[in-house]
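*Asks:* Next up is a structure, given as structure tokens.
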Amino acid sequence: MYKKRCILDVLRSISKTNSKKGQVTIFIIIGILIVLAVALVIAVQMEIFKFGTDEIAPPEEGKVSDFISTCIKNVGEDAIQKIGLQGGYVAVPDYIANDAFLNLRTSPFLVIPYWAVGSSTNIPTLENLKFRIDQHLEQNLKSCVFNSQAFQETYDLIEKSDITSDTEIANSKVIFNIQWNVELREKSGALVGEVLQHKAESPIKLKKTHFLATRIIEKELQNLKLEDIAQDLIALEHPNVPVSGVEMSCSQKTWDVTKVKGSLQGLLNHNIQQLKIKGTNFEEFPDELPYYTSHYIWDIGEDINDDELSVSFDYEPNYPFTFGVTPLSGSKLKSSQLGGSGILSYLCIQNWKFTYDLEFPVRVRVRDETTGFNYNFAFTVHLIRNEPNRGLIVARPTNTFETVTDETFCKTKDIPITVKTYEHITNDEGVNFRNDLGDVALSYTCIKYKCELGNSNYNFGGQGFSGVTTNFPYCVGGILRGTRDGYKESWERVVTSAGMEVELNLVPLYKFPHAKVTILKHELLENNQVGPGIPLSTKESALITLTYRKATDPINLPSHETQFIRSFDIDPKIVGESEIELLAKADFPYDVDITLIDDQTIMGGYEGKWLIKWEELQSAQEMVFHVFTKTTDNDEELAGLIIAKEATSKLLPKPELR
């Protein structure tokens with residue numbers, strides 16, 4: 001009340017000493033101040049908005065950030081794909097890759113570490129996967145960004161800090177978070193922008209596939225499901241896999257141990273593939289196969305319920321296979337006889353009982369059906385005396401060959417094995433046939449030692465097949481190779497066992513002269529038009545890759561790939577003597593990828609599919625490839641065309657044989 005009276009007193013004093021005109025003046029001044037205040041607020045807001053768009057995020061900086069994010073995604077997904085192929089490893093450590101007891105080698109270039117061998121386990125954790133992805137990004141992101149030369153003709157990209165990766169493996173995606181200070185400067189040195197935080201995402205469901213893979217191996221160790229399947233297959237009493245029985249006969253029953261082993265491997269190969277995981281995506285067994293429904297749908301937990309994932313199991317006969325059966329008489333299993341003499345001379349009884357020891361690997365593939373990502377892992381299966389038992393059948397060999405030469409090692413050849421050699425022509429278009437093929441040079445490699453085994457022969461020993469029977473040195477997992485001019489090298493993993501047979505299938509090749517390859521360059525014009533094809537200039541080069549990939553091929557192991565360079569820098573004599581190796585005797589579709597280079601700068605190229613017909617290839621006098629280019633001062637426009645190379649290539653003629 002006191003303050004109000006004071007104010008009133010002042011106003012009264014003013015009103016007493018000033019006229020009404022003075023009062024109006026005061027209100028005008030107050031109004032002007034209000035207008036100025038509003039104008040100031042609007043101006044500040046406009047200035048802030050202007051600074052935000054023009055100063056904080058220049059277009060060039062955004063493009064660089066997007067480009068880095070693309071590299072992050074590519075490098076990150078490369079790490080994930082390798083993890084999937086190699087059982088949780090981006091790069092399999094040497095101590096695992098070089099030890100056949102710790103990995104399943106499915107090709108000369110691909111090993112899958114065992115997650116369980118006997119009772120020992122080596123299951124990667126999500127933390128392990130995160131660390132390996134982060135490490136791969138930190139080691140390879142820089143080369144992806146700087147080796148591409150993107151933006152660097154106009155700007156300089158300057159690293160201001162090391163790369164720090166913090167990958168987040170979420171339930172339905174993988175998030176790559178990168179801390180990396182990169183400055184974008186003009187060639188004059190003027191700062192255009194700075195990017196600190198980078199982020200990219202992959203839709204691959206690594207966490208879900210890893211969780212399911214881990215659950216499978218945990219349940220296998222608890223329940224011995226694969227051992228149960230192997231035990232059931234032996235107990236089925238297949239005619240070629242005897243277990244126990246009695247028969248009224250005076251003729252002794254015998255079984256060849258090689259056939260017993262082969263038949264058991266065949267049973268395992270077929271039936272393990274039928275195993276399914278309840279709650280995942282798979283095709284139900286038909287009603288007429290109730291046994292498979294009750295025995296081959298594996299319940300590993302009520303919480304497994306995801307039709308975006310599928311699981312496949314496989315055992316292949318070329319996988320390592322430790323096999324033992326008792327009693328064994330030489331290379332035969334024989335029945336025992338009761339009776340047949342004295343007063344029982346007219347009555348004979350054959351009886352038998354055999355026990356089996358098995359140790360073999362199974363590969364498991366968990367597939368993300370939404371992205372096509374495959375997560376591989378492997379473990380070993382064990383039976384001892386027909387019973388599931390994850391103990392080791394035989395102790396690990398303690399001898400090594402570190403001081404042994406090839407010659408000394410190969411002198412130990414004492415295991416007879418028959419090798420059959422064939423010419424094999426197959427594609428995904430329905431062609432699949434084999435012919436006998438002799439004169440194949442054979443060799444056997446065990447770790448770092450190599451033994452030459454001679455050549456296979458047509459109609460070997462008058463037995464109606466091409467091959468040879470020869471002695472091998474003992475090796476737990478060696479590689480048998482066959483080579484012949486005009487054919488791709490063939491190989492098979494062979495765990496040496498007396499009396500076994502191995503087949504090598506060699507794929508025929510057709511050699512096309514390098515000098516008969518022509519590259520024609522087409523200028524991209526307006527309105528999706530292209531100019532006429534002209535030869536490359538003396539400064540231009542082209543890198544051509546032809547890849548044939550079957551549906552069953554691993555991502556990084558196509559069935560056939562050939563790569564060559566057309567360049568005026570290569571000695572014409574070398575070009576005249578070199579040849580391009582293509583698959584022969586059938587039609588094959590190839591993925592064609594061509595990169596056009598001018599003084600180390602990518603200027604264009606081609607990407608597309610090309611069906612090479614065998615009939616046309618045999619009579620062709622010239623092989624012609626068409627590539628695009630664009631004469632422009634806008635590097636980003638050309639970069640966009642190259643990034644979309646496959647779509648851009650549709651404007652060009654396809655490769656052709658003339």
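The values are calculated or read from the model by the stated rules, or taken from the named source; none is laboratory data. These numbers come from a predicted model, not from an experiment. Ideal geometry is used to build each Cβ from the backbone, glycine not excepted, and the neighbour counts take in all protein chains shown.
*Asks:* Could you grab me the full set of residues in region 218-244 that are in contact (Cβ under 8 Å) with a residue 60 or more places away in the chain and either among the polar types (S, T, N, Q) or not assigned by TED's automatic domain parsing to the domain that holds Asp303 (or both)?
*Replies:* Across region 218-244, the qualifying residues are Gln231, Ser244.
*Asks:* Could I ask something else about it? For region 176-217, what are the residues that are touching a residue at least 40 places away in the same chain (Cβ under 8 Å), farther than 30 Å from Pro361 by Cα and not β-branched (Val, Ile, Thr)?
*Replies:* Phe176, Trp180, Leu184, Gly193, Glu194, His198, Lys199, Ala200, Glu201, Ser202, Pro203
*Asks:* Still on this structure, I have one more. Which pairs have Cβ atoms under 6 Å, sit 6 or more apart or on different chains, and link a residue in region 129-149 that is assigned by TED's automatic domain parsing to the domain that holds Phe67 to one that is of a type in the set (Ser, Thr, Tyr) and buried (at least 16 other Cβ atoms within 10 Å of the Cβ)?
*Replies:* Listed pairs, sorted by first residue: Lys130/Thr167; Ile133/Thr167; Asp134/Ser165; Asp134/Thr167; Leu137/Ser165; Glu138/Ser165.
*Asks:* With the condition kept exactly as written, say whether any residue in region 246-253 is among the hydrophobic types (A, V, I, L, M, F, W, C) and buried (at least 16 other Cβ atoms within 10 Å of the Cβ).
*Replies:* no
*Asks:* Determine whether region 562-582 contains at least one residue that is touching a strand residue (DSSP E or B) at 6+ places or on another chain (Cβ under 7 Å), modelled with pLDDT of 95 or more and over 24 Å from Leu638 (Cβ atoms).
*Replies:* Yes, region 562-582 contains a residue that is touching a strand residue (DSSP E or B) at 6+ places or on another chain (Cβ under 7 Å), modelled with pLDDT of 95 or more and over 24 Å from Leu638 (Cβ atoms).
*Asks:* Next question. Looking only at residues in region 318-330 that are surrounded by fewer than 17 Cβ atoms within 10 Å (Cβ to Cβ) and hydroxyl-bearing (Ser, Thr, Tyr), which one is nearest to the chain's Cα centre (by Cα)?
*Replies:* If we take residues in region 318-330 being surrounded by fewer than 17 Cβ atoms within 10 Å (Cβ to Cβ) and hydroxyl-bearing (Ser, Thr, Tyr), then Thr322 is nearest to the chain's Cα centre (by Cα).
*Asks:* Please determine, by comparing only the residues of region 278-317 that are among the polar types (S, T, N, Q) and surrounded by 13 or more Cβ atoms within 10 Å (Cβ to Cβ), which one is modelled with the lowest pLDDT.
*Replies:* Result: Thr293.
*Asks:* Return a yes/no flag: does region 409-424 have any residue that is out of contact with any Asp or Glu (no Cβ under 8 Å at 6 or more places or on another chain), modelled with pLDDT of 90 or more, closer than 30 Å to Lys613 by Cα and in the same structural domain as Val495 (by TED's automatic domain parsing).
*Replies:* Among the residues of region 409-424, at least one is out of contact with any Asp or Glu (no Cβ under 8 Å at 6 or more places or on another chain), modelled with pLDDT of 90 or more, closer than 30 Å to Lys613 by Cα and in the same structural domain as Val495 (by TED's automatic domain parsing), which makes the answer yes.
*Asks:* Sticking with this structure for a sec: Out of the residues in region 444-479 that are surrounded by fewer than 17 Cβ atoms within 10 Å (Cβ to Cβ) and among the small types (Gly, Ala, Ser), state the one that is modelled with the lowest pLDDT.
*Replies:* Checked region 444-479; the qualifying residue modelled with the lowest pLDDT is Gly461.
*Asks:* In region 558-584, what count of residues is obtained for those that are buried (at least 18 other Cβ atoms within 10 Å of the Cβ) and either more than 23 Å from Tyr606 (Cα to Cα) or not assigned by TED's automatic domain parsing to the domain that holds Leu520 (or both)?
*Replies:* 1
*Asks:* It is to be established whether one or more residues within region 630-638 are surrounded by 14 or more Cβ atoms within 10 Å (Cβ to Cβ), touching a strand residue (DSSP E or B) at 6+ places or on another chain (Cβ under 8 Å) and part of a helix (DSSP H, G or I).
*Replies:* Yes; the residues of region 630-638 include at least one that is surrounded by 14 or more Cβ atoms within 10 Å (Cβ to Cβ), touching a strand residue (DSSP E or B) at 6+ places or on another chain (Cβ under 8 Å) and part of a helix (DSSP H, G or I).
*Asks:* Let me ask you something else. Could you tell me whether Arg185 is outside any helix (DSSP H, G or I), in contact with a strand residue (DSSP E or B) (Cβ under 8 Å, 6 or more places away or on another chain), of a type in the set (Lys, Arg) and closer than 30 Å to Ile602 by Cα?
*Replies:* The answer is yes for Arg185.
*Asks:* Can you report the number of residues in region 221-236 which are modelled with pLDDT under 90 and touching a strand residue (DSSP E or B) at 6+ places or on another chain (Cβ under 7 Å)?
*Replies:* Number of matching residues: 0.
*Asks:* Do any residues in region 359-383 that are outside any strand (DSSP E or B) have Cβ atoms under 9 Å from those of residues that are of a type in the set (Asp, Glu), where the two are at least six apart or on different chains, and which pairs are they?
*Replies:* That search, which allows pairs on different chains as well, returns Glu369/Asp307; Glu369/Glu308; Thr370/Glu308.
Results for (1) farther than 30 Å from Val111 by Cβ; (2) in a loop (DSSP other than H, G, I, E, B), shown as yes or no for each residue.
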| residue | (1), (2) |
| --- | --- |
| Phe512 | yes, no |
| Ala515 | yes, no |
| Pro532 | yes, yes |
| Thr545 | no, no |
| Thr552 | no, yes |
| Glu561 | no, no |
